[in-house]
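Step one of this worksheet: look at the structure below.
Please treat every number below as a calculation from the coordinates, not as lab data. None of the values given here were measured: they were computed from a predicted structure. Cβ sites come from the backbone with ideal geometry, for glycine too, and all protein chains shown count toward neighbours.
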Amino acid sequence: MFEKFTETALKIIMAAEKEARILNNNFVGTEHILLGLSTEKSRALEILNSLGCNLDNIMKTVEKGSDVVGVEIAFNSEAKELFQNAWAEAKKFGQPVTELHLLIALTYSEGKHIQIFKDLNIDIDKIKTLSVEKAEKMEIKLNSNGLIVSTCYILIVALLVLFSYILLNNLISSLSITYSKVIFIVGLIITTFFVRNKLIFHFGVGQVPIKLIELIRTICLVIGILFIAILILVSIIWLMITIGKYRYSA
């Protein structure tokens, strides 16, 4: 899901984790997401500040914990639901998830942030109205740096595939054997594990050394093919992951 978040939205989530640590909480909840929105400079921060919801006021209402915080802090169920709601809001606008969609989701998602809004006398409906208005006018662009890096990755993968194809052709041509013979000998290799006299039966007593050499060469070919197949598969997976790492700026 997070691959569809803008850079600003991701910074807000990281800020939320940081605030949770500062408060000695061993989880990240909706109240920490609200703190993250109140920390990072964004359109969401402008809306919150305009309604009197700032970082200092929120910190006064958030409970501090006494737990020992580990290396990783997990999102609680309410925070996970908030992300799902933000993603649903973003899809309505045909946009990636921005800080505005997180703020819209906060207006109706369950969590401790609701009580914070009440304690500060914040008009939740006003938050939603202002956020929706800004989201409707927002333009989303692909991050040019991310696009350049991803394009370089794609070119590298294409070169790897081309190199693999050339290497495979060279292997096959150097052995001067047909694919059908490769399949036959591979099958014979498997059979030989169970019937030790299979080689002699097929090739004859005097021909075994010669055929064994050909067999070894074929094994090398099979290993080469498997290596290239794995290389191409890894390249394709790498390409898919790279495409999914596009970042947006708004």
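For Val97, what residues show an amide H to amide H distance below 5 Å, using hydrogens built from the backbone and excluding near sequence neighbours?
HN-HN under 5 Å from Val97: Phe5, Thr6.
Show me, for the stretch 5-13, the HN-Hα J-couplings you get by feeding each phi into the Karplus relation (A = 6.51, B = -1.76, C = 1.60, θ = phi - 60°), rounded to Hz, glycine and proline as x.
Rounded to whole hertz, the list is 8, 6, 4, 5, 4, 5, 5, 5, 5.
For the stretch 73-120, run through the GluC sites (Glu not before Pro) and keep only the ones in DSSP coil with at most 13 other Cβ atoms within 10 Å of their Cβ. The partial results should precede the final answer.
Values: sites: Glu78, Glu81, Glu89, Glu99, Glu110; in loops: Glu110.
When the GluC sites (Glu not before Pro) of the stretch 73-120 are filtered for loop state and at most 13 Cβ neighbours within 10 Å, Glu110 remain.
For Asp123 and Glu63, calculate 0.36 nm times their separation in residues minus their Cα-Cα distance, and state this gained length in nm to one decimal.
Working: separation 60, 0.36 × 60 = 21.60 nm, distance 2.18 nm.
So the extension gain works out to 19.4 nm.
For the stretch 83-88, what does the Karplus curve 6.51 cos²θ - 1.76 cosθ + 1.60, with θ = phi - 60°, yield as ³J(HN,Hα) per residue in whole Hz, taken in order and with x for Gly and Pro?
Taking θ as phi minus 60°, the curve returns 5, 4, 5, 5, 5, 5 Hz for the stretch 83-88.
Taking the stretch 88-135, which chymotrypsin sites (Phe, Trp or Tyr not before Pro) meet the DSSP loop condition and have no more than 14 other C-beta atoms within 10 Å?
On the way: sites: Phe93, Tyr108, Phe117; in loops: Tyr108.
Counting only loop positions with at most 14 other Cβ atoms within 10 Å, the chymotrypsin sites (Phe, Trp or Tyr not before Pro) in the stretch 88-135 are Tyr108.
Of all trypsin sites (Lys or Arg not before Pro) in the stretch 9-47, which ones are in loop regions per DSSP and have a Cβ with at most 15 other Cβ atoms within 10 Å? Can you show the working numbers first?
Working: sites: Lys11, Lys18, Arg21, Lys41, Arg43; in loops: Lys41.
Listed in order of number, the matching sites are Lys41.
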